[in-house]
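Below is one structure, written out as structure tokens; the observations come after it.
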Amino acid sequence: MEKDIQETLSAFKPENFVFVISQVNHKPSGMVAAWHTRCSMNPPLYLVSLSKEKNTHKIIQASKEFVLAVPNNELEKEVLYFGSESGKDKDKFQDTGLETTPATIVKVPLIKKATFNFECKLIHEIDAGDHIIFIGEVVAAHHQEDKGILLNYGKKDGKRYFKEFPITINQTDKIN
Ligand SMILES: Cc1cc2nc3c(=O)[nH]c(=O)nc-3n(C[C@H](O)[C@H](O)[C@H](O)COP(=O)(O)O)c2cc1C
């Protein structure tokens, strides 16, 4: 049955998402993005699509580096803040107390409690309607194997719903 395009695209859930962190003048900021994917194996490239209206794309354009950090249920409160407030007039790290740890290669910090952290160097920008696609080369990767990943189930009655998904495989998950 044919439906409204925007509503139907938004209904395609659950979706995983990442913190996109960058920094200028030693001051990190960032946002949350669900529009992201790997796009080359060799070299290892990753893309993320960020709104031109928001603040984070400007920081990435200035620093040419960013970190993608995958949240779990310990970070739900910070996800909501980073995914709704603007870094233009707020220090999201200070406001939430989101803990960081130094990266190996880039200057942008990692998110300490994240399940995965990927250090990226910007290699390409593509204009995509009201968004900009940033393609980064993943230059270092970090994984805390005991943690799951948070999925976004969307909004209902003004409230956003998340659920953590385990990333370990159980024998019962096997299909064949
Ligand atoms: C689960 C979730 C997924 C999101 N995905 C995206 C996305 O892929 N691209 C985007 O531009 N904004 C996305 N947003 C919205 C931004 O995170 C939000 O507008 C943020 O406040 C922008 O911050 P900034 O102005 O400091 O960059 C998402 C928000 C949430 C909660």
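Read-outs throughout are calculated quantities, based only on the coordinates presented, and are distinct from any laboratory measurement. The structure displayed is predicted, hence computed values, not measured ones. Reconstructed Cβ throughout: ideal geometry from the backbone, glycine too, with neighbour counts over all protein chains shown.
Can you put Tyr46, Tyr161 in order of Cβ neighbours within 10 angstrom, beginning with the fewest?
With the sparsest Cβ surroundings first, the list reads Tyr161, Tyr46.
List Ser22, Ser29, Ser63 from most exposed to least, where exposure is judged by having the fewest other Cβ atoms within 10 Å.
By the 10 Å Cβ count, ascending, the order reads Ser63, Ser29, Ser22.
Net charge within 11 Å of Ala34 by Cβ-Cβ distance, Lys/Arg positive one each and Asp/Glu negative one each, not counting Ala34 itself?
In short, 0.
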Karplus-derived 3J(HN,Hα) from phi for the range 8-15 (6.51 cos²θ - 1.76 cosθ + 1.60, θ = phi - 60°), whole Hz, x at Gly and Pro, runs 6, 4, 5, 6, 6, 9, x, 10
Point-to-point label distance, Ala141-Gln6, nm (Cα→Cβ direction, 7 Å offset): 3.6
Members of Lys64/Lys156; Lys88/Lys156; Lys3/Lys112; Lys27/Lys147; Lys54/Lys155; Lys3/Lys64 lying beyond 31 Å, as alpha-carbon distances in this model show: Lys64/Lys156; Lys3/Lys112; Lys3/Lys64
Can you list, largest first and rounded to whole Å, the semi-axes you get for the range 60-135 by taking the square root of 5 times each eigenvalue of its Cα gyration tensor? 21, 17, 12
Expressed as a fraction of 2.2 N^0.38 Å, the rule-of-thumb size for a compact globular protein of N residues, what is the C-alpha radius of gyration of the range 5-173? 1.00
Quick one: order Glu2, Glu85, Glu15 by neighbouring beta-carbon count within 10 Å, fewest to most. Glu2, Glu15, Glu85
Please find, in a Gaussian network model of the chain (springs between Cα atoms separated by less than 10 Å), the residue of Thr56, Thr115, Thr37 whose mean-square fluctuation is greatest. Thr37
Enumerate by residue number the trypsin sites (Lys or Arg not before Pro) in the range 69-176 meeting two conditions: DSSP loop (anything except H, G, I, E, B), and at most 11 other Cβ atoms within 10 Å of the site's Cβ. Lys88, Lys174
